[in-house]
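Shown next, in structure tokens, is the structure this report addresses.
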Amino acid sequence: MIEVLAKLGRGPVFLAGEMLECVITFTNPLSASSTSASSEMLAWASAQIHCQFHASENRVALPPSDGSKHDVQAENETVFVPNRGERGQCILSTPPKILFCDLRLDPGESKSYSYCETLPVDGPPSFRGQSVKYVYKLTIGCQRVNSPIKLLRVPFRVLVLHGLKDYQCPQDEAVAPSNPFLEEEEGLKKDSRLADLATELLMVATSRRSLHLYNISNTRGKVGTFCIFKTVYKIGEDVIGTFNFSEGDIPCLQFSVSLQTEESIQEEFQRRRGQPISFTVHARHQESCLHTAQSSFSLPIPLSSTPGFTTNIVSLKWRLHFEFVTSGESAGTCLVRGSQSEAVTWTGVEQMEVDTFSWDLPIKVLPTNPILASYVSQFSSSNSITI
């Protein structure tokens, strides 16, 4: 029996273009004092990253694939097929890397191997939608002598920041602080620069503030104004907006704001013509606002959500969806009971004519620092099997 443990060094969330590093440890758990202890042999072990694509048959019409080729290979026990036995299509994979051949482990002995690979920048982000899914996994395949192949899969999340691969890192690093007593590998140094560059680009893109004012009105007149200071955010931020109803001609009774994503399938892949768009609500604020001059809301963008992106099959966009309930009568909607000499009691009306209307404001949502997103990731940094 051999235990195989795979552990991601920095966490389960990465930016496309970053270096993924995983330490794979093979252990013979039998103690040396055991009478039944014996050495174990592994013929080989290999590792590979792949992205698996899943599509809803009711919503997406995909062209026929050549997946039968993989089924034939999977029957051969000596062939390493990372996505063997998984549903969907493998749309992206890195070249497989051999970790070792002919490994012998004595009782209580363990050996570790480091797997490093740069995540492709031209792949889609990790996404679990209503119509499609993009799932990334690191698969370690290993085989005992005269035994079938065993696969250990470590799922992880990939964030894609568009434009990062086109940005050139500065070549002159003479002004950069350095420590002559520490030797840093060139790959790790480049990976660190990439993460710092992404953080800088995100900060520049999401820190620009300018006043955006919108008039809220229906067919009967002006209801109020809406103010927001930016329309570009990164996941983990709060979307903050304010309302001013003091200058409105039509009284607003109630409003609601929803933070939504719209998932649309490209026309050539739609199962039926005019297929409706799928909407997902991530946060919502609702408030009664009769006789309210000003109000505000704050909607958090979940760190676990997917930033906006577009592939040849699906498009994901973010928006704020507003719904307003306005009165069809005058603002004086209160009744007074009792005479002037007695106590005055104010009560609301039992019935009122109302109008409702909605409005959508597109916003842009970008990724964030992958280390920050790792804190709320549903994936574990390690996984193990016993063979």
| request: Along Cα→Cβ, 7 Å out, is where each label goes; now give me the distance between the ones at Ala205 and Glu247 in nm to one decimal. | output: 3.4
| query | For segment 88-153, what % of the accessible area comes from carbon and sulfur atoms, probe 1.4 Å? | reply | 46
| For Cys116 and Met1, FRET efficiency with R0 = 41 Å and r from the beta-carbon atoms, rounded to 0.05? | 0.90
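Of all trypsin sites (Lys or Arg not before Pro) in segment 194-246, which ones are in loop regions per DSSP and have a Cβ with at most 11 other Cβ atoms within 10 Å?
On the way: sites: Arg208, Arg209, Arg220, Lys222, Lys230, Lys234; in loops: Arg208, Arg209, Arg220, Lys230.
Here the sparse-neighbourhood loop sites are Arg208, Arg209.
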| task | Grab the beta carbon distance between Thr231 and Ser304, set R0 = 30 Å, and tell me the FRET efficiency rounded to 0.05. | result | 0.85
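Take the residue pairs Lys97/Lys317; Lys133/Lys317; Lys222/Lys317; Lys7/Lys97; Lys133/Lys230 and return only those whose Cα atoms are more than 27 Å apart. Write down the numbers at each step before the final one.
Values: Lys97/Lys317 37 Å; Lys133/Lys317 16 Å; Lys222/Lys317 29 Å; Lys7/Lys97 17 Å; Lys133/Lys230 30 Å.
Listed pairs above 27 Å: Lys97/Lys317; Lys222/Lys317; Lys133/Lys230.
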| task | Just grab the label-to-label distance for Arg193 and Arg284, each label 7 Å out from Cα along the Cβ direction, in nm (one decimal). | result | 4.8
| remark: Averaged per residue, the 1.4 Å probe accessible area of segment 191-317, protein heavy atoms only, in Å², is roughly 51
| remark: Contour minus Cα-Cα span, Arg144 to Glu109, at 0.36 nm per residue, comes to 11.0 nm
| note | The set of residues whose placed amide H lies less than 5 Å from the amide H of Leu20, leaving out same-chain residues fewer than 5 positions away, is Glu117, Thr118, Leu119
| field | Cα→Cβ-extended label distance, 7 Å offset, between Ile277 and Leu62, nm | value | 2.4
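The values are calculated or read from the model by the stated rules, or taken from the named source; none is laboratory data. Keep in mind that this is a model prediction, so the values were computed, not measured. All Cβ positions, glycine included, derive from the backbone under ideal geometry; neighbour counts span all protein chains shown. Surface areas here come from the heavy atoms of the whole protein model, side chains and all, with no ligands, DNA or RNA. Shrake-Rupley method; radii C 1.70, N 1.55, O 1.52, S 1.80 Å.
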